[in-house]
Each structure stands twice: as C-alpha cells, then as structure tokens.
Amino acid sequence: MESVELAILKVAQEGGYLEQIPEEKDQIAEEARFYVQQAEEAFQDRKFKKDKTVLAILNLAKDFESSVNKQEEGKDIFGAPETQVWKSLPIPSDVKGDPTALPIDFSEVNAKELMRLHSVYNGYFARARWMLANATNKLASATHLRDAEYRRAYALAVNTATEKLTQAQYDVNAKTDEEYLKLDERVRIFQEDVTSLKALTEIYSGNVDRLSREWTMRQDEEKKY
C-alpha cells in the first residue's frame with residue numbers, strides 16, 4: 001500500500017512542483033512535510049484556494065499529520081527529531097541548558113576539565129553537522145519548489161503577453177511573480193541557515209582539534225618525567 005508521504009510527493013510532482021521523488025524513506029517523509037507546509041501557506045493566497053495540487057496535498061495532509069504525530073514527539077527548528085534514531089543510528093542530541101564557553105587560554109585548565117571540554121565540543125560538533133544535513137535538505141526542497149514556480153510564472157508570462165517581449169523581459173516578469181518572491185525568500189533563509197551551520201561545524205571541528213592537541217602535548221610532557 002502506498003504511503004501518505006509518497007502520495008503527497010506524487011501529487012506535487014504531477015503539479016510541476018517537484019522534479020524527482022527521493023528514494024530514501026526518511027527523505028520522502030521530510031519532503032512530504034515540506035510540501036504540506038508550502039500548500040498550507042499557498043492556500044492563504046486567494047489565487048491558490050482552488051488550485052487542484054494545493055487542495056489535493058491538503059486533503060492528504062490530514063492523514064499525513066496523524067502519521068507524523070504517532071511517529072515523532074519532538075523536532076528541532078529544522079524538523080529533525082531530537083530523541084529518535086535514523087536508520088538504526090542515534091541522532092546527536094540537542095544542547096540542553098547554557099552552552100559551555102571554550103577558554104582562550106588553556107594554561108589554567110586542569111586535565112579533568114580539558115577532557116570534559118573535549119567531550120562537550122565533540123557533542124556540539126556532531127549536533128551542528130546533523131543540523132547542517134537537515135538544513136541542506138530543506139534548502140534543496142525549497143530550491144526545487146522555487147524553480148518549479150519560476151517555470152510556471154515564466155510560461156504564464158509568455159502566454160499572457162499582449163506583445164512579443166525579449167527573453168530577459170519574460171525572466172523579469174517571472175521573477176517578480178508574488179509566489180516566486182515568497183519561495184525565493186524561503187530559499188534565502190535556508191541558505192543563510194546552511195552558511196551559518198557550515199561556519200559552526202568548521203569552528204567546532206577546530207575547537208575539538210585544538211583540545212586534542214593540548215591533551216596530546218600534556219601527555220608527551222608527562223612522559224619526559
């Protein structure tokens with residue numbers, strides 16, 4: 001029997017909003033959640049209230065939300081479950097409480113605290129990489145949807161033009177379409193998330209390496225005596 005998630009993506013594909021349906025079950029669920037959200041937002045716009053694709057997705061979404069509520073209890077801002085597993089692997093947990101600052105000077109840090117910091121920042125690094133993966137998936141989905149809307153708006157501009165325009169003029173008309181602008185803004189937001197998370201993963205990776213080097217250096221010093 002076909003899953004609700006897959007049915008949603010097939011509707012989105014038939015409507016020209018999705019180019020290719022992913023093969024992995026987790027990605028299908030994530031993409032379905034994204035298109036349900038987009039359909040809910042589009043329905044608020046009067047011109048989409050009778051759109052067959054939007055209405056079909058919203059109708060399927062009733063069953064989809066019921067399925068999601070049974071499978072998940074918590075999600076972070078990117079929709080990634082905090083306490084579940086992915087393909088039998090534990091997902092890096094979210095940070096609880098206030099984050100731990102990394103000292104600039106390690107000379108006053110004892111060995112026990114050094115090991116604690118290494119463990120904490122390795123956890124930050126793992127969590128940031130997981131969030132980056134989810135943000136990257138969100139960006140890809142948003143980009144697909146925006147590009148599909150561009151093609152629709154471009155075709156509409158060509159078909160409704162009262163006089164022959166240049167390709168550049170059709171392009172401008174498509175990119176000033178209200179729905180395209182909304183989707184383009186969503187792409188921009190997700191791109192900012194990806195950029196920020198990439199920076200954080202690089203920073204945390206450097207922190208873990210620095211802590212490892214400090215520990216190795218101290219171990220080497222102890223061996224001399």
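Checking Ala101, Ala148 one by one, the residue that is surrounded by fewer than 16 Cβ atoms within 10 Å (Cβ to Cβ) and either closer than 30 Å to Gln219 by Cα or out of contact with any Ser or Thr (no Cβ under 9 Å at 6 or more places or on another chain) (or both) is Ala101 and no other.
Being in a helix (DSSP H, G or I), more than 17 Å from the chain's Cα centre (by Cα) and modelled with pLDDT under 75: is that true of Val68 here? So Val68 fits the description; yes. The set of residues from segment 11-36 being of a type in the set (Asp, Glu) and in a loop (DSSP other than H, G, I, E, B) comprises Glu19, Glu23, Glu24.
Is it fair to say Arg213 is within 23 Å of Tyr124 (Cβ to Cβ), at pLDDT below 90 and either over 31 Å from the mean Cα position of the chain (by Cα) or assigned by TED's automatic domain parsing to the domain that holds Ala135 (or both)? No; evaluated as a whole, the condition is false for this residue. For beta carbons closer than 6 Å, sequence separation of 6+ or different chains, a first residue in segment 211-225 that is within 18 Å of Pro103 (Cα to Cα) and a second that is of a type outside the set (Val, Ile, Thr), the qualifying pairs are Leu211/Leu117; Leu211/His118; Glu214/Phe106; Trp215/Leu114.
For Val172, the criteria (1) over 22 Å from Thr216 (Cα atoms); (2) among the hydrophobic types (A, V, I, L, M, F, W, C); (3) surrounded by fewer than 17 Cβ atoms within 10 Å (Cβ to Cβ); (4) modelled with pLDDT under 90 hold in every case but one, which is (4). Only one entry in Ala168, Ala174, Ala155, Ala148 is more than 30 Å from the chain's Cα centre (by Cα) and farther than 30 Å from Pro103 by Cα, namely Ala168. Whenever a residue of segment 42-59 is free of Cβ contacts under 8 Å to residues at least 60 places away in the same chain, its partners that are part of a loop (DSSP other than H, G, I, E, B), lying with C-beta atoms within less than 7 angstrom and at least six residues away or across chains, give the pairs Phe43/Lys49; Thr53/Gly15; Thr53/Tyr17.
Among the residues here, Leu145 qualifies as assigned to a helix (DSSP H, G or I), within 20 Å of Glu31 (Cβ to Cβ) and of a type in the set (A, V, I, L, M).
The values are calculated or read from the model by the stated rules, or taken from the named source; none is laboratory data. Nothing here was measured: the structure is a model prediction, and the numbers come from that model. Glycine also receives a Cβ, built like all others from the backbone with ideal geometry; neighbour counts cover every protein chain displayed.
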